[in-house]
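One structure below.
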């Protein structure tokens, strides 16, 4: 009886997946590869969810470096701005970044979902650092598993910026350890980048089946 | 006409060497036009087209129910209560004629629009292995566009047209004498030829009921008794008449239209129709070797107004699925004040885009899908909240425009001016001056709109801040950074400070006259 029910559930899930695949067809590409972030020794893995957590100042510095680094290659990175606080003056003249301004985390998650399914852009960054904690708590944990599933068959690099670790399914977690004081405002951006302490605290191995 | 094994050369000679003609005919085209974009359920119900107060065309179900051409609608309904009485649909008829001509011109370089529902092709130069299969392909192509066609292939244009009368759906006439011998006189009937009925009655009186019987009469006798019209019929009946085709070019107007009988209240029937429209337009454009670069949708509304929208296709295509998805996405969020009473969809053709991807390709791989995704994202966050930022030529803070990203590394100009600011500003030479924004310090995250604050200042320097985001004693300040501009118009000036709170956190605050605002944060604890 239990086995029959399991089979029925499996069939339902397979049907649902087929329906989703039909509605949002995925390009047949192979996952893998690394994307340079512009910070020495820090790279983003394509096809997985990477969580970047830390103070808002470090997050903003990481974000600015990452977007400019990818845009410099001629590609079009996407920033889904959860609180709509990004200052476009941070994009270097002549470079292009697709910017999605959101008013709350829920719509940011939906927009990120659509861009990840699209698969046309090399990098999607979901910035939730400035969203209130109450909004972040309302994001279901299944969202991150869904993103992981979407990314499995794509070459998109996906980074989620959060104030503190909250993405359970993140294959990679980068922690930004710096805390900044007003003195940082006098220093050159390049110096600040060199000071940025980014440590990869979680790195799950890719599952290999063959 | 099937080629013998290994006889392809022979077929090519017979088709390419000896001139042959192909006629494409849409029987009962007024009825087909009226029923073309209705559901399949409507197509099998008894239906008749009424023009000038009389039934002009009807389907087999209506014919079986006892309805006949020439009856008034009342008489027709008396015989069949379930009969659908349809008015003529001129726009749909024109679209049908244009579609037929488009397909004909796509099949041969020499095409004639013989009548609204008939096209004749000169098959000269075509390399066709099997003529009947080729004709069947044309019929299937028209069937895929909801057009039931008959294809006749013969040695001259008039004989090809007669062949369509006996086609199911293709008829190739190899032996014209045998073919014409058994064809009834009614096959010579032409639309608008009033004298035919009188001549046919005379011939029936003579005991002649087939074309074979008519062609056995002497031409001089026919001329003496039936006049020039009789001679013309005699020549057609013998399959001997030859004429030059009046060649036309494929229409460059790609448009489909449909008038609803009732106002539409939901998008579903509209999308059903648009799918058919897109299929037809994509097929016609493809037949001309082109691709759709733009779709123009017009919805006349019940209040006399209209809704119009142009969809630019990022990468011109004739893929109906891609084109329809663009329309479908648009309708997901469309709310109209009044119900549509008709729909028109026009396609603007362009040469298909051919790109070769480089080894390190950065352009968007599937521009149409990307455009569709952007439309979906806009539906979630609002149309003015997606794009590539471009700074305005001013020093006034936070002034930018969002432009839609292009697919080839360029962006579409003319995006929304988010801040609604059109003028230019200037940086005044006041001290100290903020250096290039991305050159130093931490990046700013802005509050949009800025948060109102109360600031206690001593000797002009902020000492204590009260606001929703920053609150408490100020531990350190940098500034002021004074900027101003547009002195020639409505001049503006502002004074910015970077402050560190004693409780932690670095913010940017600004003063406009006596009002203070928290512009954004550099670091939040």
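Every number in this text was worked out from the coordinates using simple rules, so none of it is lab data. Please read all numbers here as calculations on a predicted model, not as lab measurements. When we count neighbours, we look across all protein chains shown, and the Cβ atoms used for this are built from the backbone with ideal geometry, even at glycine.
For this structure, a couple of remarks:
- Acute angle (nearest 10 degrees) that the helix B:90-107 long axis makes with the longest principal axis of chain B, alpha-carbon atoms: 80 degrees
- For chain B, the longest principal axis of the C-alpha atoms and the axis of helix B:320-332 are separated by about 50°.
- Mean per-residue shielding of peptide A:64-70 is 1, counting Cβ atoms of other chains within 10 Å of each Cβ.
- With contacts taken as Cα pairs under 8 Å and at least 6 residues apart, chain B reaches a relative contact order of 9 percent.
- The simple Förster model, with R0 at 25 Å and r as the Cβ-Cβ distance, assigns residue B:77 and residue B:209 a FRET efficiency of 0.15.
- Per-residue [θ]222 nm for chain B (sum of -39500 (n - 2.57) over DSSP H runs n ≥ 4, rounded to 500): -9000 deg cm²/dmol
- Peptide B:379-387 shows a mean partner chain C-beta count of 6 within 10 Å per residue C-beta.
- Gain in span if fully extended, residue B:296 to residue B:271, counting 0.36 nm per residue against the direct Cα distance: 7.5 nm
- Evaluated over chain B, the Cα radius of gyration and Dmax, each in Å: 36.0, 122
- Normalising the average separation of contacting C-alpha pairs (under 8 angstrom, six or more residues apart) by the number of residues puts the relative contact order of segment A:88-209 at 23 percent.
- For segment B:118-216, the alpha carbon convex hull comes to 113 Å³ per residue, rounded to a whole number.
- Measuring nothing but how far apart in sequence close Cα pairs (under 8 Å, 6+ apart) lie, relative to its length, segment A:1-153 scores a relative contact order of 24 percent.
- Three-way shape label, the protein assembly as shown, alpha-carbon gyration tensor, a/c 1.5: prolate
- Cα gyration tensor category, rounded, prolate or oblate, for segment B:232-373 with a/c compared to 1.5: oblate
- Radius of gyration, Dmax [segment A:45-203; alpha carbons; angstrom]: 14.8, 45
- Binned Cα-Cα distances of segment B:437-523, short to long, each 5 Å bin given as a whole percent: 3, 14, 26, 26, 16, 9, 4, 1, 0
- Tensor-based shape of segment B:114-166 (alpha-carbon gyration tensor, a/c under 1.5 rounded, otherwise prolate or oblate): oblate
- Viscosity 1.002 mPa s, 20 °C: Kirkwood-radius Stokes-Einstein D of segment B:185-288 over Cα pairs, µm²/s: 118 µm²/s
- Tilt relative to chain A, helix A:142-151 - C-alpha long axis, 0 to 90 degrees, to 10: 90 degrees
- Most to least packed among A:125-133, B:450-458 [average Cβ atoms within 10 Å]: A:125-133, B:450-458
- Each peptide in B:311-319, B:258-266 gets a packing score, the mean of other Cβ atoms within 10 Å over its residues, and the list from highest to lowest is B:311-319, B:258-266.
- Peptide A:122-134 shows a mean partner chain C-beta count of 1 within 10 Å per residue C-beta.
- Burial ranking of peptide ranges A:160-169, B:296-305 (average Cβ count within 10 Å, highest at the top): A:160-169, B:296-305
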